[in-house]
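The values are calculated or read from the model by the stated rules, or taken from the named source; none is laboratory data. Owing to the predicted nature of the structure, the values given are computational and were not obtained by experimental measurement. Positions of Cβ are generated from backbone atoms using ideal geometry, with glycine treated the same way; all protein chains shown enter the neighbour counts.
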Amino acid sequence: MSSDNRLMSHPLRLFFKGLATIIPIALTLIICLWLAGIAERNFGAMLQWFIPDSWYITGMGLAIGVVAVMAIGLLSQVYLFRKLIDLGEAILDRMPVVKSVFRATKDFVDYFSSGDEKRFNQVVMVRHPDLKLAIMGFITREDFDDLPIGREGEVAVYLPLSYQVAGYTIFVPKEWCEPVDMPFEDAIRLILTAAMTRRSSSAFEPRGKGQKKDH
């Protein structure tokens, strides 16, 4: 490579390195600001129905939105409120078209917000006995008693695609799934970035590695 090309490539590398640093932070801030803006506009407009405009301070709508979400979380533990929520969900669950979107969204949110920590530790490498390849995924279901699918000894494995949340769900014999001692968050990051993450290898070290076992 000539000296001129080297001089040009150095600023270019710096530019892309700067982009790699800025983009994740910028996207995170944009999403947070977008959600905050929605809360501010909607709850702020509701608040201005009850107080004079001169009393309103920017940020009140966001604060009320945060308090409202926390209040709903608290009320969801109350039996009567829970029944009202169940009634609303039952109505949505009977509406054509709407019920498909509602069920898919609810199942997805319930899965990732579940208090069951074990769900987030089922990282596996799916290895076909006749193919010299493996695909990393997550076991999402082992019991199919309430569904007309899934044979004895099979499990459902979700295989995310790189750079998007979309993926495939496959049903394979459980013995094809090799457990991986890796936290869910690290595994999903590794898959979504096509294993091109720049994090240090220690971040993906199996839990307990290097620790002596007690005898």
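Points worth noting:
- Among the residues of segment 51-96, just one is touching a Leu at 6+ places or on another chain (Cβ under 7 Å) and farther than 22 Å from ILE38 by Cβ, namely PHE81.
- Condition check for ARG141: surrounded by 11 or more Cβ atoms within 10 Å (Cβ to Cβ), under 21 Å from ALA104 (Cβ atoms), modelled with pLDDT under 80 and not β-branched (Val, Ile, Thr): yes
- Among all residues of segment 152-163, there is at least one that is of a type in the set (S, T, N, Q) and within 12 Å of ILE191 (Cα to Cα).
- For segment 74-92, a residue qualifies if it is part of a helix (DSSP H, G or I) and over 19 Å from PHE102 (Cα atoms), and the qualifying residues are LEU74, LEU75, TYR79, LEU80, PHE81.
- Hey, LEU33 modelled with pLDDT of 85 or more and under 28 Å from LYS106 (Cα atoms) or not: yes
- Among the residues listed as LYS106, LYS99, the single one being of a type in the set (Lys, Arg) and either at pLDDT 85 or above or under 28 Å from CYS32 (Cα atoms) (or both): LYS106
- Total residues in segment 164-186, condition closer than 22 Å to HIS128 by Cβ and among the charged types (D, E, K, R): 4
- Checked against the criteria, PHE204 does not count as modelled with pLDDT under 85, closer than 30 Å to GLY88 by Cβ and not hydroxyl-bearing (Ser, Thr, Tyr).
Residue by residue, here is whether (1) surrounded by 14 or more Cβ atoms within 10 Å (Cβ to Cβ); (2) modelled with pLDDT of 85 or more; (3) polar (S, T, N, Q) holds:
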{"residue": "ILE64", "(1), (2), (3)": "yes, yes, no"}
{"residue": "TYR111", "(1), (2), (3)": "yes, no, no"}
{"residue": "PHE120", "(1), (2), (3)": "yes, no, no"}
{"residue": "LEU131", "(1), (2), (3)": "no, no, no"}
